[in-house]
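Working notes, structure below.
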Amino acid sequence: MVDETSLEQTQIEWLGTTAAAKRLGITTRTLYRFIDEGYIAAYRMGRVIRVKGEDVDAYIESCRIEPGTISHLYPEVAPRAADSESGSGGDDSGD
């Protein structure tokens, strides 16, 4: 006799391309490109292409940005020369 809980744990969550693309927040065309380039595994079942839900989740996790890796996208802006000169109050007499 097969234990039902172990059977449920081994069930594969199959997603169609529309559902997989929606889960990723991309178009189906982009999903097909990801499949073609090998980023996400897909399976042809007759005329239908299916993707495992766990493969989609694994791809999402692989895209996670590590803290401290995107500082180049928002570089610190050096203060402008006019701003630093006007901050001195304009009193150059030295008294």
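The values are calculated or read from the model by the stated rules, or taken from the named source; none is laboratory data. Here the structure is a predicted model, which is why all the values come from computation and not from measurement. Glycine gets a Cβ as well: all are built from the backbone with ideal geometry, and neighbour counts include every protein chain shown.
Computed values, structure above
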{"read-out": "Subset of segment 25-67 that is part of a helix (DSSP H, G or I) and touching a residue at least 24 places away in the same chain (Cβ under 8 Å) - its residue that is surrounded by the most Cβ atoms within 10 Å (Cβ to Cβ)", "value": "Val56"}
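Per-residue answers, yes or no, for (1) polar (S, T, N, Q); (2) at pLDDT 95 or above:
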position	(1), (2)
Tyr39	no, yes
Arg44	no, yes
Val51	no, yes
Val56	no, yes
Ile65	no, no
Gly68	no, no
Ser71	yes, no
Gly89	no, no
Asp92	no, no
